[in-house]
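Asks: I'd like to ask you about the structure that follows.
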Amino acid sequence: MPARFLRRLISFALTLALTLFGLLAVTFVIARVVPIDPVIALVGDKAPADVYAAARAHLGLDLPLWQQFIIYLRDVLSGNLGSSSTTGNPVLSDIAHTFPATLELATYAIIVGIGLGIPLGVAAAVWQGRWPDHLIRVVSLFGYSVPVFWLGLVALLVFYARLDWVGGPGRLDIAYDYIVEPWSGLLTVDAAAAGEWDVFWNAVSHLVLPVALLAYFSMAYIGRMTRSFMIDELGKEYITTARVKGASEARVIWRHALGNAAVPLITVVALSYAYLLEGAVLTETVFAWPGLGSYITQALFDADMAAVLGGTLVVGASFVALNIFSELVYAWLDPRARMK
Amino acid sequence: MSLSSPLPPRRGLRAWLTSDTPASRFQARLGRYYATWRALSSNPLTLLGLAILLALVLVAAFAPWLAPFAPNDQDLANRLAPMGGLHPLGTDQLGRDILSRLLYGSRVTLAIIVLVAVISAPIGLAVGTIAGYFGGWVAAVLMRVTDIFMAFPRLILALAFVAVLGPGIDNAVIAIAITAWPPYARIARAETLTFRNADFVRASIVEGAGHWRILMTQIVPLCLGSMIVRVTLDMAGVILIAAGLGFLGLGAQPPTAEWGAMISTGRDYMLDQWWVAAMPGIAILLVSLAFNLLGDGLRDALDPRKRRS
Amino acid sequence: MAQDTLLEVDGLTVRFPSVHGPIEAVRDISFAMGREKIAIVGESGSGKSMTARAILDLIRPPGERIARSIRLDGTDLTRLSPRQMRQVRGGRITMVMQDPKYSLNPTMSVGAQLYENWLIHVGKPKRLSRAAGQKAVLEMLEAVQINDPPRVARSFPHELSGGMGQRVMIAMMLIPQPELMIADEPTSALDVTVQMEVLKLMDGLVARNGMGLLFISHDLPLVSRFCDRVLIMYRGRIVEECRADRLHEAQHPYTQGLLSCLPSYAQRGHPLATLSRDAGWEVAP
């Protein structure tokens with residue numbers, strides 16, 4: 001049914017465009033109501049009135065709001081997020097430098113979270129009411145209840161300060177800084193590509209704690225959702241069919257039930273990846289991780305609005321991008337949503 | 001009176017509550033509450049959650065009487081005292097009693113929870129029921145706005161709002177409330193859609209009831225159940241976000257005794273005086289766990305599909 | 001039962017725990033059948049589907065199956081290991097279920113689902129090639145009178161009509177050439193016009209392959225036309241057994257009651273009779 005699929009695609013694209021537009025509108029409004037006067041920031045509060053007015057006109061602030069919004073839209077769409085008042089760089093290039101650090105953290109965390117969460121969720125569904133089920137319940141309850149920054153501090157205290165098993169705050173020990181030329185910005189990838197294995201292992205030792213921490217939260221969420229989707233699927237009639245066919249229990253669970261549970265799970269995984277980008281704000285603060293989260297928080301304290309809004313916009317846009325991604329994978333996994 | 005009269009019906013409050021044939025609406029309603037309570041109280045974990053929250057309320061109410069010291073009394077001679085003795089949970093870097101600060105901090109936490117719930121739940125309920133009931137372009141506009149708000153990660157959006165409003169506890173509450181309502185709107189809309197074409201709503205229309213009357217008397221009360229469950233479950237997240245803002249220094253400002261901010265100050269002494277940061281963390285964990293336990297229990301008790309099994 | 005026995009069920013009980021104590025969905029039933037078409041008829045909840053699932057050992061915990069023996073061509077199925085039982089299931093006994101909309105895996109192509117059954121029971125044991133399996137799948141789809149088998153094999157269950165879905169289901173179940181096919185209300189989800197086609201098809205395939213058919217239904221007239229013998233179940237027990245063409249001579253008051261509830265032209269304009277139940281019915285005559 002190509003016509004129906006096309007309609008779906010168009011409505012999805014419209015939704016996306018609207019959401020992005022709304023995202024921009026929200027950040028624009030925030031920027032305008034903020035009590036910091038960007039003109040004064042530019043010319044100082046002792047500037048004479050005509051200088052002030054000229055600077056104001058230069059910034060486009062004398063135009064009506066809707067024109068300002070259009071200019072803002074044009075700027076953002078052409079990649080101009082303004083300049084950071086603290087670093088002096090364009091916000092976009094700042095973000096390009098900090099985002100990979102966050103991405104590295106979140107990506108390893110989601111891989112571990114999926115790798116542990118899905119098997120645990122499947123086990124909980126298959127052995128409902130038995131110990132794997134209780135385990136996932138306790139794990140996820142704790143995960144939903146514990147403050148991530150506090151757990152991070154405790155983990156640093158125990159595993160770094162007391163036991164000295166892992167690297168401490170930051171991405172590398174100072175001794176290993178500036179050895180590897182940044183290319184992807186993902187330190188493990190860059191170090192491995194350059195063959196600098198000392199740097200690689202040092203980066204890994206710094207990654208272990210924050211990744212474990214973030215992975216724990218995504219494991220709790222993914223595990224809990226896997227459990228409930230699997231319980232749904234295992235109760236369906238086609239599972240009986242598979243058993244009637246004499247399929248082994250492993251095949252019934254992993255191929256038939258999980259094959260179908262994977263469809264809604266995609267959305268869950270995308271969502272939890274997005275939450276990892278967000279959870280990174282607090283985690284990065286705790287681990288002094290030079291990522292997007294640290295950048296936004298630091299900018300907040302310096303009242304650097306261009307940086308705050310640029311960062312917010314990038315995180316919001318990643319949310320949207322993940323939505324598109326999950327929609328595409330969804331269509332790929334579920335033949336009912338696929339184009340013939 | 002004849003001696004051979006049939007046995008009198010079983011008496012007592014319990015029999016009255018569990019009666020299959022309630023004589024009045026009042027009895028039926030109380031009976032339903034009783035059944036819900038029975039379902040709730042049959043789960044020890046739910047009761048534990050409820051007990052912790054009750055304790056939180058009591059502690060918040062009676063903090064001045066329970067706390068051994070005033071929360072901001074400094075005793076610089078007694079800085080970073082270990083646990084035990086005069087200060088059961090030790091003192092912080094200014095010699096303030098940690099236990100007392102925790103007890104007073106429960107007031108801040110409670111205030112944040114109540115305020116966020118009171119602000120965000122009605123907004124979500126209003127947006128969701130109106131969108132669900134009227135449908136059409138009203139729903140399209142309202143739900144699009146909801147989607148846009150949901151497209152932002154909650155903590156980041158709250159951060160951006162705090163950046164605009166300036167740090168502080170009131171602004172933190174407003175920022176969290178602004179980010180908290182969209183899921184409620186979605187739930188309320190989904191619920192409303194299932195009731196909108198029900199016969200009892202049609203009957204009200206036939207009787208000549210106006211839209212607002214139907215919304216307020218028929219739709220909103222029916223949405224309340226699932227809203228309460230969702231809000232309860234969400235409060236755990238609200239506590240964590242509030243504490244996160246406090247930890248970043250964007251929530252409650254010093255010297256207010258707020259748990260997240262207490263962790264933030266304790267952070268510098270983590271290596272040698274771990275209790276300064278550890279204790280407020282445990283307090284946050286406990287309260288947020290309590291909300292999760294209670295929310296899970298409420299969901300099981302109020303979900304008719306689960307009750308049947 | 002004069003001919004050689006294919007399936008012999010002896011003392012089968014299916015029990016589920018509940019808050020009010022155990023509930024027996026099937027209560028100590030015994031019957032035997034040859035390579036014939038036998039029907040189990042009863043209202044919903046009478047235990048007919050549970051009987052079918054119990055034969056295949058598909059009762060899920062916490063439910064339990066208790067039986068003195070269930071013999072298929074002499075092998076006692078209750079004594080097989082789970083692994084051996086899987087060889088029987090789908091290989092020697094298969095089951096066609098009610099609604100293809102739910103009984104086919106929505107995310108696997110039709111061909112892959114048929115191939116899976118072929119692989120388990122034919123391909124792997126005999127070490128045949130993948131191409132042989134694909135050929136078998138297409139042949140089987142052709143045998144259930146599906147036009148353009150390659151196209152249907154590539155399609156997914158939601159793209160099939162109910163009648164097509166049920167043919168696919170039958171094809172899937174026939175691939176390993178079983179000795180006994182259980183059909184659990186195979187036509188009740190289908191349009192009336194399609195029902196007869198599917199029944200005819202099943203009838204022909206059963207006759208051609210010399211299988212036994214255990215047909216589970218609530219539809220007395222259908223069963224009396226289609227099957228050789230009929231077992232009537234009521235509340236977990238078999239209350240009556242008779243030849244399908246002699247159904248009108250049935251002795252048990254429950255069967256008689258059921259028959260008198262059927263609408264017919266002779267009684268047009270009169271209210272339809274309803275069943276007034278009797279506690280004595282649960283005891284077999």
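Asks: Looking at A:Val158, A:Val139, A:Val122, which one is surrounded by fewer than 22 Cβ atoms within 10 Å (Cβ to Cβ), touching a residue at least 24 places away in the same chain (Cβ under 8 Å) and not in a loop (DSSP other than H, G, I, E, B)?
Replies: Numbers: A:Val158 fails: touching a residue at least 24 places away in the same chain (Cβ under 8 Å); A:Val122 fails: surrounded by fewer than 22 Cβ atoms within 10 Å (Cβ to Cβ).
A:Val139 is the lone residue from the list that is surrounded by fewer than 22 Cβ atoms within 10 Å (Cβ to Cβ), touching a residue at least 24 places away in the same chain (Cβ under 8 Å) and not in a loop (DSSP other than H, G, I, E, B).
Asks: Tally the residues that are open to solvent by 10 Å² or more (accessible area, probe 1.4 Å) and either β-branched (Val, Ile, Thr) or modelled with pLDDT of 85 or more (or both), restricting the search to region B:263-272. Step through it out loud before you land on a result.
Replies: Narrowing region B:263-272 to residues open to solvent by 10 Å² or more (accessible area, probe 1.4 Å): B:264-265, B:267-272.
Keeping just the survivors that are either β-branched (Val, Ile, Thr) or modelled with pLDDT of 85 or more (or both) gives B:264-265.
Here the count works out to 2.
Asks: Could you grab me the full set of residues in region C:124-149 that are closer than 20 Å to C:Gln87 by Cβ and open to solvent by 100 Å² or more (accessible area, probe 1.4 Å)?
Replies: Once the filter is applied, which keeps residues that are closer than 20 Å to C:Gln87 by Cβ and open to solvent by 100 Å² or more (accessible area, probe 1.4 Å), region C:124-149 yields C:Lys124, C:Lys126, C:Arg127.
Asks: Right, next: Just a yes or no: is a residue in region A:179-199 open to solvent by 20 Å² or more (accessible area, probe 1.4 Å), hydroxyl-bearing (Ser, Thr, Tyr) and at pLDDT 85 or above?
Replies: Within region A:179-199 (the criterion being open to solvent by 20 Å² or more (accessible area, probe 1.4 Å), hydroxyl-bearing (Ser, Thr, Tyr) and at pLDDT 85 or above), the answer is no, since none of the residues qualifies.
Asks: Do you know which residues across region B:92-145 are under 20 Å from B:Pro64 (Cα atoms) and among the hydroxyl-bearing types (Ser, Thr, Tyr)?
Replies: Within region B:92-145, B:Ser100, B:Tyr104, B:Ser106, B:Thr109 qualify.
Asks: Still on this structure: Are any of the residues in region A:209-229 of a type in the set (S, T, N, Q), over 19 Å from the mean Cα position of the chain (by Cα) and more than 21 Å from A:Gly279 (Cβ to Cβ)?
Replies: Taking region A:209-229 as the starting set, the residues that turn out to be of a type in the set (S, T, N, Q) are A:218, A:226, A:228.
Cutting the leftovers down to over 19 Å from the mean Cα position of the chain (by Cα) gives us A:226, A:228.
Next, only the ones that are more than 21 Å from A:Gly279 (Cβ to Cβ) stay: A:228.
Yes, some residue in region A:209-229 is of a type in the set (S, T, N, Q), over 19 Å from the mean Cα position of the chain (by Cα) and more than 21 Å from A:Gly279 (Cβ to Cβ).
Asks: Same structure again: Just to be sure I understand, how many residues within region A:178-192 are part of a loop (DSSP other than H, G, I, E, B), of a type in the set (A, V, I, L, M, F, W, C) and under 22 Å from the mean Cα position of the chain (by Cα)? Full working, then the answer.
Replies: Keep residues of region A:178-192 that are part of a loop (DSSP other than H, G, I, E, B), which gives A:178-186.
Restricting the remaining residues to those that are of a type in the set (A, V, I, L, M, F, W, C) gives A:179-180, A:183, A:186.
This time we only want the ones that are under 22 Å from the mean Cα position of the chain (by Cα), so: A:183, A:186.
The qualifying residues number 2.
Asks: Take the conditions in a loop (DSSP other than H, G, I, E, B) and closer than 30 Å to B:Asp296 by Cβ and apply them to B:Pro22. Does it pass? Please lay out each step first, then the result.
Replies: Working: in a loop (DSSP other than H, G, I, E, B): yes; closer than 30 Å to B:Asp296 by Cβ: yes.
So B:Pro22 fits the description; yes.
Asks: Considering only residues that are at the interface with chain B (Cβ under 9 Å from one of its Cβ atoms) and open to solvent by less than 40 Å² (accessible area, probe 1.4 Å), look in region A:142-153 and name the one that is nearest to B:Phe291 (Cα to Cα).
Replies: As a first pass, look at region A:142-153 and keep what is at the interface with chain B (Cβ under 9 Å from one of its Cβ atoms): A:142, A:144-151, A:153.
Subsequent filtering for residues that are open to solvent by less than 40 Å² (accessible area, probe 1.4 Å) retains A:145-151, A:153.
Details: A:Ser145: 9, A:Val146: 12, A:Pro147: 14, A:Val148: 17, A:Phe149: 19, A:Trp150: 19, A:Leu151: 19, A:Leu153: 23 Å.
By that ranking, first place goes to A:Ser145.
Asks: Out of (1) touching a residue at least 12 places away in the same chain (Cβ under 8 Å); (2) assigned to a helix (DSSP H, G or I); (3) surrounded by fewer than 21 Cβ atoms within 10 Å (Cβ to Cβ); (4) at the interface with chain A (Cβ under 7 Å from one of its Cβ atoms), what's the single condition that is false for C:His121?
Replies: (3)
Asks: Of the residues in region A:166-176, how many are touching a helix residue (DSSP H, G or I) at 6+ places or on another chain (Cβ under 9 Å) and free of Cβ contacts under 8 Å to residues at least 40 places away in the same chain?
Replies: Just the residues of region A:166-176 that are touching a helix residue (DSSP H, G or I) at 6+ places or on another chain (Cβ under 9 Å), to begin with: A:166-173, A:175-176.
In the following step, the residues that additionally are free of Cβ contacts under 8 Å to residues at least 40 places away in the same chain were identified as A:168, A:172-173, A:175-176.
Of the residues in region A:166-176, 5 are touching a helix residue (DSSP H, G or I) at 6+ places or on another chain (Cβ under 9 Å) and free of Cβ contacts under 8 Å to residues at least 40 places away in the same chain.
Asks: How many residues, within region B:117-132, are touching a Leu at 6+ places or on another chain (Cβ under 6 Å) and open to solvent by 20 Å² or more (accessible area, probe 1.4 Å)?
Replies: 1
Asks: Next question, about the same structure. Of the residues B:Leu240, B:Leu293, B:Leu285, B:Leu271, which is in a helix (DSSP H, G or I) and free of Cβ contacts under 8 Å to residues at least 12 places away in the same chain?
Replies: Values: B:Leu240 fails: free of Cβ contacts under 8 Å to residues at least 12 places away in the same chain; B:Leu293 fails: free of Cβ contacts under 8 Å to residues at least 12 places away in the same chain; B:Leu271 fails: in a helix (DSSP H, G or I).
It is B:Leu285.
Asks: Let me ask something else about it. Evaluate region A:123-135: report whether one residue or more is of a type in the set (Gly, Ala, Ser) and within 11 Å of chain B (Cβ to nearest Cβ).
Replies: No: zero hits.
Asks: Let me ask you something else. Does region C:221-232 hold any residues that are in contact (Cβ under 8 Å) with a residue 40 or more places away in the chain and either out of contact with any strand residue (DSSP E or B) (no Cβ under 6 Å at 6 or more places or on another chain) or not hydrophobic (A, V, I, L, M, F, W, C) (or both), and which are they?
Replies: Answer for region C:221-232, where residues must be in contact (Cβ under 8 Å) with a residue 40 or more places away in the chain and either out of contact with any strand residue (DSSP E or B) (no Cβ under 6 Å at 6 or more places or on another chain) or not hydrophobic (A, V, I, L, M, F, W, C) (or both): C:Pro221, C:Phe226, C:Asp228, C:Arg229.
Asks: Among the residues of region B:139-148, which ones are among the hydrophobic types (A, V, I, L, M, F, W, C), surrounded by fewer than 20 Cβ atoms within 10 Å (Cβ to Cβ) and more than 17 Å from B:Glu191 (Cβ to Cβ)?
Replies: Passing the criteria: B:Ala140, B:Val141, B:Val145.
Asks: Further question on the same structure: Checking the condition surrounded by 13 or more Cβ atoms within 10 Å (Cβ to Cβ), out of contact with any strand residue (DSSP E or B) (no Cβ under 6 Å at 6 or more places or on another chain) and within 14 Å of another protein chain (Cβ to nearest Cβ), which residue from A:Leu16, A:Leu63 passes? So that I can check it myself, show each step before the final result.
Replies: Details: A:Leu63 fails: within 14 Å of another protein chain (Cβ to nearest Cβ).
Residue meeting the stated conditions: A:Leu16.
Asks: Restricting to region B:176-231, what's the tally of residues that are of a type in the set (Gly, Ala, Ser), under 27 Å from A:Gly316 (Cα atoms) and open to solvent by 20 Å² or more (accessible area, probe 1.4 Å)? So that I can check it myself, show each step before the final result.
Replies: Just the residues of region B:176-231 that are of a type in the set (Gly, Ala, Ser), to begin with: B:177, B:180, B:185, B:188, B:190, B:198, B:203-204, B:208-210, B:225-226.
Now drop any that are not under 27 Å from A:Gly316 (Cα atoms), which leaves B:177, B:180, B:185, B:188, B:190.
Cutting the leftovers down to open to solvent by 20 Å² or more (accessible area, probe 1.4 Å) gives us B:190.
Looking only at that region, the number is 1.
Asks: Is at least one residue of region C:186-201 closer than 26 Å to C:Arg53 by Cα, open to solvent by 30 Å² or more (accessible area, probe 1.4 Å), away from chain A (no Cβ under 14 Å) and at pLDDT 85 or above?
Replies: Yes.
Asks: I'm trying to understand the selection: among the residues of region C:32-86, which are hydroxyl-bearing (Ser, Thr, Tyr) and farther than 20 Å from C:Gly236 by Cβ?
Replies: Going through region C:32-86, the residues hydroxyl-bearing (Ser, Thr, Tyr) turn out to be C:44, C:46, C:49, C:51, C:69, C:75, C:78, C:81.
Within region C:32-86, C:Thr75, C:Ser81 qualify.
Asks: In region B:156-170, which residues are within 12 Å of chain A (Cβ to nearest Cβ) and part of a helix (DSSP H, G or I)?
Replies: Start the filter on region B:156-170 by keeping residues that are within 12 Å of chain A (Cβ to nearest Cβ), which leaves B:156-167.
Within region B:156-170, B:Ile156, B:Leu157, B:Ala158, B:Leu159, B:Ala160, B:Phe161, B:Val162, B:Ala163, B:Val164, B:Leu165 qualify.
Asks: Looking only at strands (runs of 3 or more DSSP E) that lie completely in region C:1-95, which have at least 1 residues being hydrophobic (A, V, I, L, M, F, W, C) and open to solvent by less than 20 Å² (accessible area, probe 1.4 Å)? Outline the logic, then answer.
Replies: On the way: elements: C:7-16, C:23-33, C:37-41, C:64-66, C:69-72.
So the answer is C:7-16, C:23-33, C:37-41, C:69-72.
Asks: Moving on. For A:Ala175, state whether it is surrounded by fewer than 19 Cβ atoms within 10 Å (Cβ to Cβ), part of a helix (DSSP H, G or I), more than 26 Å from the chain's Cα centre (by Cα) and within 14 Å of another protein chain (Cβ to nearest Cβ). Full working, then the answer.
Replies: Details: surrounded by fewer than 19 Cβ atoms within 10 Å (Cβ to Cβ): yes; part of a helix (DSSP H, G or I): yes; more than 26 Å from the chain's Cα centre (by Cα): yes; within 14 Å of another protein chain (Cβ to nearest Cβ): no.
No.
Asks: So, restricting to helices (runs of 4 or more DSSP H) that lie completely within region A:242-335, which ones have at least 1 residues that are within 14 Å of chain C (Cβ to nearest Cβ)? Before the answer, list the steps.
Replies: On the way: elements: A:258-287, A:292-301, A:305-333.
Of the helices (runs of 4 or more DSSP H) lying wholly inside region A:242-335, those with at least 1 residues that are within 14 Å of chain C (Cβ to nearest Cβ) span A:258-287, A:305-333.
The values are calculated or read from the model by the stated rules, or taken from the named source; none is laboratory data. Here the structure is a predicted model, which is why all the values come from computation and not from measurement. Positions of Cβ are generated from backbone atoms using ideal geometry, with glycine treated the same way; all protein chains shown enter the neighbour counts. Surface areas here come from the heavy atoms of the whole protein model, side chains and all, with no ligands, DNA or RNA. Shrake-Rupley method; radii C 1.70, N 1.55, O 1.52, S 1.80 Å.
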